[in-house]
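Worksheet for the structure shown next.
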């Protein structure tokens, strides 16, 4: 696509931010927004890949100290870290090779007893087709609020079944499907010595039940028929930081090749375009 206006200003290559385009104008290209500024460095890659392991280590320490009151906070932070980095691995924004991508999806999925390869299959389908009957990830957007909540316990299982029927990555999918049962079994056997393993497994499984509500229904429900109205963006300082920038959902759908750690800057550069086209970000703290 051709940008509506040439870049201008000091922050972009040859400029800062493109002038506000007319309503209904063509979406700016990533080059016009400054693609050179959205590269993932080695430090950013290692930080993203290291957060989930750090979360598991923190949980182990809390369990050893029997600080059970702290474990829900640690598990929440681990969920955010895993969802963020898996998102980036799926979209090839961390600079991993094809082999490293497969192992990254497997390892990140194991942290939360999920299937990283099922997520890759359904999430790329979501970006290609939403809204569409053959978009299993986007289906909760069609439900009511209560329906999205109740859909939680079957959501990941249905994504896995859809992916398995597609016929790709079946070896990975089977290995990933065994992980929850294996850890639950280990947790039962280890119970006389520590409750930590079983508590972690149960919290990871039950925690995944909020995915349809938080990652699909809230961003997408009431969607419109254009790319600018099919999802929302939340702006603020605290909430986006807590969720590691996953709240910039519109920006991500428009430019999925931008890694999550650069979404705040992408949002800033898109402000004038979104405003000219009537998009009003939801303001949070």
Which of the following residues is without any contact (Cβ under 8 Å) to a residue 24 or more places away in the chain and either touching a strand residue (DSSP E or B) at 6+ places or on another chain (Cβ under 7 Å) or within 14 Å of residue 218 (Cα to Cα) (or both): 147, 171?
-> 147
Flag for residue 33 being in contact (Cβ under 8 Å) with a residue 12 or more places away in the chain, surrounded by 15 or more Cβ atoms within 10 Å (Cβ to Cβ) and in contact with a strand residue (DSSP E or B) (Cβ under 9 Å, 6 or more places away or on another chain) = yes
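In this structure, is residue 240 touching a helix residue (DSSP H, G or I) at 6+ places or on another chain (Cβ under 8 Å), surrounded by fewer than 21 Cβ atoms within 10 Å (Cβ to Cβ), over 30 Å from residue 146 (Cβ atoms) and not assigned by TED's automatic domain parsing to the domain that holds residue 74?
Judged against the criteria, residue 240 is not a match.
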Would you call residue 285 in contact (Cβ under 8 Å) with a residue 40 or more places away in the chain, more than 21 Å from residue 130 (Cα to Cα) and assigned by TED's automatic domain parsing to the domain that holds residue 148?
-> no
Is there any pair linking a residue in segment 199-212 that is modelled with pLDDT under 95 to one that is surrounded by fewer than 21 Cβ atoms within 10 Å (Cβ to Cβ) and not in a helix (DSSP H, G or I), with Cβ under 9 Å and at least six apart or on different chains, and which?
-> none
Residues being within 22 Å of the chain's Cα centre (by Cα) and more than 25 Å from residue 90 (Cβ to Cβ) - total across segment 25-57 = 0
Just to be sure, is residue 250 in a helix (DSSP H, G or I), farther than 21 Å from residue 105 by Cβ, at pLDDT 95 or above and not assigned by TED's automatic domain parsing to the domain that holds residue 116?
-> yes
Yes or no: residue 88 modelled with pLDDT under 95 and in a helix (DSSP H, G or I)?
-> no
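Take residue 260 and tell me if it is at negative phi, touching a residue at least 40 places away in the same chain (Cβ under 8 Å) and more than 22 Å from the chain's Cα centre (by Cα).
Considered against the rule, which asks whether it is at negative phi, touching a residue at least 40 places away in the same chain (Cβ under 8 Å) and more than 22 Å from the chain's Cα centre (by Cα), residue 260 comes out as no.
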Would you check if residue 61 is touching a residue at least 12 places away in the same chain (Cβ under 8 Å) and part of a helix (DSSP H, G or I)?
-> no
Sole residue being under 23 Å from residue 152 (Cα atoms) and at pLDDT 95 or above, chosen from 59, 106 = 106
Single residue of 132, 117, 126 found to be free of Cβ contacts under 8 Å to residues at least 40 places away in the same chain and buried (at least 16 other Cβ atoms within 10 Å of the Cβ) | 126
Turns out the helices (runs of 4 or more DSSP H) fully within segment 134-222 with at least 2 residues that are more than 19 Å from the chain's Cα centre (by Cα) and under 30 Å from residue 61 (Cα atoms) are 170-190, 196-207
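The values are calculated or read from the model by the stated rules, or taken from the named source; none is laboratory data. Remember, it's a predicted structure, so these values are computed and weren't measured experimentally. Quick reminder, even Gly has a Cβ in these numbers, built from the backbone with ideal geometry, and neighbours come from all protein chains shown.
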